[in-house]
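Q: One structure, as structure tokens, below. Some questions next.
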Amino acid sequence: MNIKSLLLGSAAALAAVSGAQAADAIVAAEPEPMEYVRVCDAFGTGYFYIPGTETCLKIGGFIRFQTSFGRDAADSRYREGFDPITGTDASTSDWDAFSRAYISFDAKSDTEYGTLTGFFAAEFNADNDTDEGDSFIDVDEAYIQLGGLKAGFFYNWWDKGLNGETDSLGNVTEFNSVAYLYDGGSFQAGLSIDELEGATTKANGIGVSGIVSASVGGVSFDLLGGYDSELEEGAIRGLLSADLGPGVFQLAGIWASNPNAYWAASEWTVAASYRWNATEKLAITPGVQYFDNLQTSLVDFGNDDAWRAGVTVDYKITEGLATRVSVQYEDADDADDQVFGFVRLQRDF
């Protein structure tokens with residue numbers, strides 16, 4: 001065997017051994033790329049994409065501490081300042097302190113039929129009162145919306161009020177409903193079918209409410225109506241809002257045929273307020289309301305009247321933290337005059 005043959009044989013042996021070792025080598029798998037949370041700006045600020053989907057989610061809420069004062073304030077269900085015109089429970093205390101946590105989840109995505117929305121919000125209330133009903137968890141809203149079509153448990157258009165805390169412009173304002181709203185920008189029109197169970201003396205009431213809204217420049221107007229099919233009574237309401245000087249002036253009026261699920265406090269009422277934006281952080285809102293022919297029973301109005309006047313002060317302490325103070329005076333026929341309101345501290349997020 002010559003040297004050339006020996007070298008060729010050695011090279012072939014080394015190649016075979018190297019091939020066998022390469023086949024047995026362990027190769028580490030490359031890590032999959034991490035998907036970071038992405039900001040979604042298609043529906044406004046605060047939304048982010050749920051990882052792995054094209055659905056945008058926004059989480060919000062607030063923490064509130066409030067002390068209310070006024071006749072029977074401790075058992076009042078009107079935590080923003082109890083409302084003697086629309087009624088309260090009897091109480092043994094004229095002041096009450098409570099805390100509330102509110103959290104909301106708003107999921108949105110684009111579809112061929114428009115924006116698809118799923119919204120849920122809940123309130124967690126804490127009160128030192130021994131009544132178990134004062135500390136509870138409440139579903140505030142839960143609905144599905146596709147374009148202008150909306151179905152679920154949500155606030156009716158009757159829930160909209162004036163700036164400040166003086167006015168009372170609705171009776172029951174939240175139902176399980178199916179609604180459609182046409183939004184043409186400066187013009188809107190909507191219709192809602194509402195389940196009124198628990199809102200009136202009838203057990204299985206159905207209500208119909210509708211709204212027409214228009215806005216031009218700094219002026220907007222809403223015309224709203226509601227009909228209670230079980231009580232066979234209805235109400236209509238108009239609300240005007242206009243930018244005026246360093247603030248916003250608002251005027252509203254309601255007429256009802258008799259007490260019903262949408263309005264029951266009086267046969268008619270008129271209310272006005274002016275929100276004066278004193279500084280970037282401070283707003284002062286005086287308001288007044290008059291009630292004629294107050295409700296005397298679940299189905300009738302009487303001849304008494306009442307009026308209310310007050311002021312609400314809002315101050316933004318810092319970003320996400322604000323305080324609100326409301327003081328109201330009320331004079332109703334066949335009742336003692338009274339002062340009521342609240343002091344509130346709220347952290348929004």
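Q: Hey, does region 322-340 have a residue that's of a type in the set (A, V, I, L, M, F, W, C), at pLDDT below 95 and not in a strand (DSSP E or B)?
A: yes
Q: If you take the residues of region 238-271 that are within 21 Å of the chain's Cα centre (by Cα) and hydroxyl-bearing (Ser, Thr, Tyr), which of them is nearest to Gly218 (Cα to Cα)?
A: Checking each candidate, the answer is Ser241.
Q: Find the residue count for region 266-301, including only residues that are closer than 29 Å to Phe175 by Cα, in a loop (DSSP other than H, G, I, E, B) and at pLDDT 95 or above. Don't jump to the end; show me each part of the working.
A: Of region 266-301, the ones closer than 29 Å to Phe175 by Cα are 266-273, 287-301.
With in a loop (DSSP other than H, G, I, E, B) added as a condition, the list becomes 296-300.
Narrowing the set further to residues that are at pLDDT 95 or above leaves none.
Selection size over region 266-301: 0.
Q: In addition: Please give the strands (runs of 3 or more DSSP E) falling wholly within region 32-127 in which 3 or more residues are of a type outside the set (Ser, Thr, Tyr) and at pLDDT 95 or above.
A: 56-69, 95-111, 114-127
Q: May I pose another question? Of all residues in region 173-197, how many are outside any strand (DSSP E or B) and surrounded by 22 or more Cβ atoms within 10 Å (Cβ to Cβ)?
A: 1
Q: Quick one: would you say Tyr262 is over 24 Å from Glu174 (Cβ atoms), surrounded by 15 or more Cβ atoms within 10 Å (Cβ to Cβ), among the aromatic types (Phe, Trp, Tyr) and in contact (Cβ under 8 Å) with a residue 12 or more places away in the chain?
A: no
Q: Just for region 105-128: of the residues that are closer than 22 Å to Val39 by Cβ and more than 16 Å from the chain's Cα centre (by Cα), which one is surrounded by the fewest Cβ atoms within 10 Å (Cβ to Cβ)?
A: Across region 105-128, the extreme among qualifying residues is Thr111.
Q: Moving on. What are the pairs with Cβ atoms under 6 angstrom where one residue, in region 222-236, is more than 19 Å from Gly253 (Cβ to Cβ) and the other, located anywhere, is of a type in the set (A, V, I, L, M) and surrounded by fewer than 22 Cβ atoms within 10 Å (Cβ to Cβ)? Sequence gap at least six, or different chains.
A: Matching pairs, first to second residue: Ser229/Ile206.
Q: Working carefully through the options Ala252, Ala235, find the one that is touching a Gly at 6+ places or on another chain (Cβ under 6 Å) and closer than 21 Å to Ala189 by Cβ.
A: None of the other options fit; the residue is Ala235.
Q: Next up: Consider only pairs whose beta carbons are under 6 Å apart and that are at least six residues apart or on different chains; among these, list those whose first residue lies in region 313-327 and is in contact (Cβ under 8 Å) with a residue 24 or more places away in the chain and within 19 Å of Gly287 (Cβ to Cβ) and whose second residue is among the hydrophobic types (A, V, I, L, M, F, W, C) and loosely packed, with under 14 Cβ neighbours inside 10 Å.
A: Here the result reads Tyr315/Leu282, each pair linking region 313-327 to a residue that is among the hydrophobic types (A, V, I, L, M, F, W, C) and loosely packed, with under 14 Cβ neighbours inside 10 Å.
Q: Here is a follow-up. Any chance you could count how many residues in region 314-336 are more than 11 Å from Gln346 (Cα to Cα), surrounded by fewer than 16 Cβ atoms within 10 Å (Cβ to Cβ) and of a type in the set (A, V, I, L, M)?
A: 2
The values are calculated or read from the model by the stated rules, or taken from the named source; none is laboratory data. Computed from a predicted model, the values in this text were never measured in an experiment. Please note: Cβ atoms are built from the backbone with ideal geometry, for glycine as well, and neighbour counts cover all protein chains shown.
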